[in-house]
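Throughout, read-outs are computed from the coordinates displayed, never taken from laboratory work. In this text, all values refer to a predicted model and were calculated from it rather than measured experimentally. With ideal geometry, Cβ positions are generated from the backbone for all residues, glycine too; neighbour counts draw on all protein chains shown.
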Amino acid sequence: MICECLVLPPAFSSVDTNELRKPNRFILSNVGGHCKKTDDMRKIDDKLIDRLTKGDLLPLLNYIKSDNELRLEVRQNGDAFVYYRKGKALEIKKIKVDTKYGNVPNTELAVSNPKEYFKLIKKTIDNWLESKKQRAEFDSQQNIAKSNQDKIDKYIILDMEYAFEQNQIEKISREKRGIFDLLGIDKETNRIIFFEVKKGMGATKGKSGIEEHICDFEKYLFGKNAKTFKTNLVKDIQNIIEDKIKLGIIDNFSFSDAFETQNPELVFVFHPDTNSQIQEFSNELKNRHKLIVVSDNNYKLK
């Protein structure tokens, strides 16, 4: 696949920066001559935050935080999802789970007995992943996410499965939906980082391969709708950090205006099946983006 080369624009403008600081704002975008607005960003609504921190869902939150196999992510429409091995183990706002996983437990159990609920849903998702033969890369992503949260880490992972919101863009001008494995911050440079994770050489070509991810990154961050996407991205990051601090999931880290001053970076994270694959993957990447290699014994990003 050939991805058309794009000229990189300057980092976020002062106009974007000022707009981002307005509280409770709607995003405004003039696309195709039409001004559209939306608040459909990643943000947990206040009522759900209250339920999780001092209401009926506090035991649920406490259990999620105690189980390092689970990960809570901030989502659109005021919601938060719980992931297990990248399977969506619970949609918290509606207390529901997708029946695509098979024999799912009654979600009321997530409120009354979180430990038992997650024991059952983990088993269901394990069986589903086994049938899909997709366990390896899913496990690598979640292991990377949970292993890069400490104060001393170079990177902090803020979100899994990040997709850019496009509701305020005219349908004819929208990009094909793309999902980025992990979203984080380089704490040494305050740069926003998109991570694409690959396990072995099986998924490096074709759909969801190296070329596809590079094209997605360039069209979203440096294409025709780049200003809108970057504005939304920084606001999403601000909301994610604020909500996770309120929930006690993140500490010793806060939003910085410096996130807005430089262009985001794409980093490939490779989890090889054998050491010989490292050079093979590097040859495919051709030094176009940074490469970090992880292993079963070390998921730290450096």
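Label sites at residue 212 and residue 136, each approximated as a point 7 angstrom past Cα along Cα to Cβ, lie 1.7 nm apart. The mean sequence distance of close C-alpha pairs (under 8 Å, at least 6 residues apart), as a share of the length of the range 222-302, puts its relative contact order at 22 percent.
When the alpha carbon coordinates of the range 46-132 are projected onto the principal axes, the ranges are 38, 26, 22 Å, largest first. Return the lysines within reach of residue 154: Cα separation strictly under 21 angstrom, same-chain partners fewer than 8 residues apart disregarded; answer none if there are no such residues. Qualifying lysines at Cα under 21 Å: 146, 187, 198, 244, 290, 300, 302. With a Förster radius of 22 Å applied to the beta-carbon distance between residue 246 and residue 154, the computed FRET efficiency rounds to 0.30. When the Cα positions of 101, 72, 61 are compared along the charge dipole of the range 46-132, 101 comes out farthest toward the positive end, with charges on each C-beta of Lys, Arg, Asp and Glu.
Peptides 281-294, 185-198, ordered by how many other C-beta atoms sit within 10 Å of their residues on average, highest first, read 185-198, 281-294.
Extension gain for residue 256 to residue 77 (0.36 nm times residue separation, less C-alpha to C-alpha distance): 62.0 nm. Along the Cα-to-Cβ line of residue 103, 7 Å from the Cα, sits a label point; which residues in the range 129-168 have backbone N less than 20 Å from it? Zone members listed by number: 129-133. Extension gain, residue 161-residue 127: 0.36 nm per intervening residue step, less the Cα-Cα distance, totals 10.1 nm. Between the beta carbons of residue 275 and residue 298, assuming R0 = 22 Å, the FRET efficiency works out to 0.95 to the nearest 0.05. Among 40-53, 99-112, sorting by the average number of other beta carbon atoms lying within 10 angstrom of each residue, highest first, gives 40-53, 99-112.
Using 0.36 nm per residue and subtracting the Cα-Cα separation, the extra length available between residue 176 and residue 116 on full extension is 17.7 nm.
Normalised by 2.2 N^0.38 Å, where N counts its residues, the alpha-carbon radius of gyration of the range 187-258 equals 1.38.
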